[in-house]
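This report concerns only the one structure given below.
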Amino acid sequence: LLIMHHSRGFTLIELLVTITVFFIFTLFANHNFSHCRKTQQSYRTSIELQHSIHFARAYAISNRRPLTFCGTLDQQSCASDWSKGALLFEDGNRNGVIDNADRIIKYVPLSLNNAKLRWNGFSGQRLIFESMGITYASNGTFTYCELDKNPLYSRQVIVSRGGRARLSKDNNGDGFHEDSNGGIINCPT
């Protein structure tokens with residue numbers, strides 16, 4: 001007697017169901033990964049700014065030197081764009097330019113992907129620390145926003161006149177961080 005074994009493959013229906021389930025799983029995983037990436041980038045940027053401001057304040061006090069903290073595109077000069085990084089340097093004449101007597105203290109790479117960081121303060125596009133650690137008319141707010149302006153990922157770092165920085169929080173538990181006035185963070189255009 002000859003026994004024949006039939007090898008059985010997938011039917012067209014089984015194959016379509018498998019592909020559909022895989023596609024749905026991939027969409028779900030991609031959405032969650034994107035959410036995690038955006039949340040991490042907003043958190044990382046806020047923490048990095050807060051630490052840099054605390055460092056600048058401590059450096060100004062311990063070295064009795066005025067400092068400038070500004071956005072930079074080339075790691076050598078100030079720019080109004082903070083998306084590539086920030087520069088901290090001794091600024092004896094407080095003019096926001098690295099002169100001969102000034103020196104760079106720290107470069108903070110930010111490399112923001114699909115996001116913007118803006119400084120809104122009384123001294124223009126830079127934050128100036130006096131040798132006593134207070135700001136020189138520079139209290140204000142850093143606002144981090146995704147390019148799509150989704151408020152779920154918007155964050156702020158609020159800098160007081162005393163040179164201290166604090167992070168925005170979600171005080172009411174709705175999933176959105178509030179600005180210093182208690183409203184949802186408004187992304188500038």
Segment 52-67: number of residues that are of a type in the set (S, T, N, Q) and closer than 15 Å to residue 142 by Cα: 1
Test: residue in segment 74-90 that is charged (D, E, K, R) and either touching a His at 6+ places or on another chain (Cβ under 7 Å) or within 30 Å of residue 152 (Cα to Cα) (or both): yes
Pair list, Cβ < 7 Å and 6+ apart or interchain, from segment 72-99 residues that are over 29 Å from residue 41 (Cα atoms) to residues that are among the charged types (D, E, K, R) and assigned to a loop (DSSP other than H, G, I, E, B): 91/102; 92/102; 93/99
Wholly within segment 68-134, strands (runs of 3 or more DSSP E) carrying at least 3 residues that are open to solvent by 40 Å² or more (accessible area, probe 1.4 Å) and among the acidic types (Asp, Glu): none
Cross-chain or 6+ apart pairs with Cβ under 8 Å, segment 15-26 first and without any contact (Cβ under 8 Å) to a residue 24 or more places away in the chain, then among the aromatic types (Phe, Trp, Tyr): 18/10
Residues that are among the hydroxyl-bearing types (Ser, Thr, Tyr) and assigned to a strand (DSSP E or B), drawn from segment 135-174: 135, 141, 143, 144
Residues being out of contact with any helix residue (DSSP H, G or I) (no Cβ under 9 Å at 6 or more places or on another chain) and part of a loop (DSSP other than H, G, I, E, B) - total across segment 34-67: 1
Search result, residues across segment 136-189 that are without any contact (Cβ under 8 Å) to a residue 40 or more places away in the chain, crowded, with 19+ Cβ neighbours inside 10 Å and more than 24 Å from residue 37 (Cα to Cα): 138, 140
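The values are calculated or read from the model by the stated rules, or taken from the named source; none is laboratory data. Not measured: the values here are computed from a predicted model. So basically every Cβ, Gly included, is an ideal-geometry build from the backbone, and we count neighbours across all protein chains shown. For accessibility, only protein heavy atoms count, side chains too; no ligands or nucleic acids. Shrake-Rupley method; radii C 1.70, N 1.55, O 1.52, S 1.80 Å.
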